[in-house]
Amino acid sequence: MKIQERKIWFYESGCDLKSIVQNASTWTAKAECSGEGETWTERIRMTVSGNTLVFSKGKEKGERYVRCR
């Protein structure tokens, strides 16, 4: 996963982040996504604590990522 200011890239898809709301160390955004010939809308939530990012889409359980250096 690669995160830019208003875009997130995954292995075979990407999302444009819209309507971003920040509350302390958590960001929630409506995302317009596309990949493999399909398009869809997601609700994305990201929470940062130190070098750890908890990332979730829709109602999925959050996944933990550690920042690469």
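The values are calculated or read from the model by the stated rules, or taken from the named source; none is laboratory data. For clarity, every value in this text was computed on a predicted model and none was experimentally measured. FYI the Cβ positions are ideal-geometry reconstructions off the backbone, even for glycines, and counts take in every protein chain you see. All accessible areas refer to the heavy atoms of the entire protein, side chains included, with ligands and DNA or RNA removed. Shrake-Rupley method; radii C 1.70, N 1.55, O 1.52, S 1.80 Å.
Miscellaneous remarks
- Contact map, the stretch 1-13: first residue in contact (Cβ under 8 Å) with a residue 24 or more places away in the chain, second residue open to solvent by 100 Å² or more (accessible area, probe 1.4 Å), Cβ cut-off under 6 Å, separation 6 or more or different chains; pairs are Glu12/Glu36.
- Candidate set: the stretch 21-50, residues that are under 13 Å from the mean Cα position of the chain (by Cα) and of a type in the set (A, V, I, L, M, F, W, C); chosen: the one farthest from Arg6 (Cα to Cα): Val48
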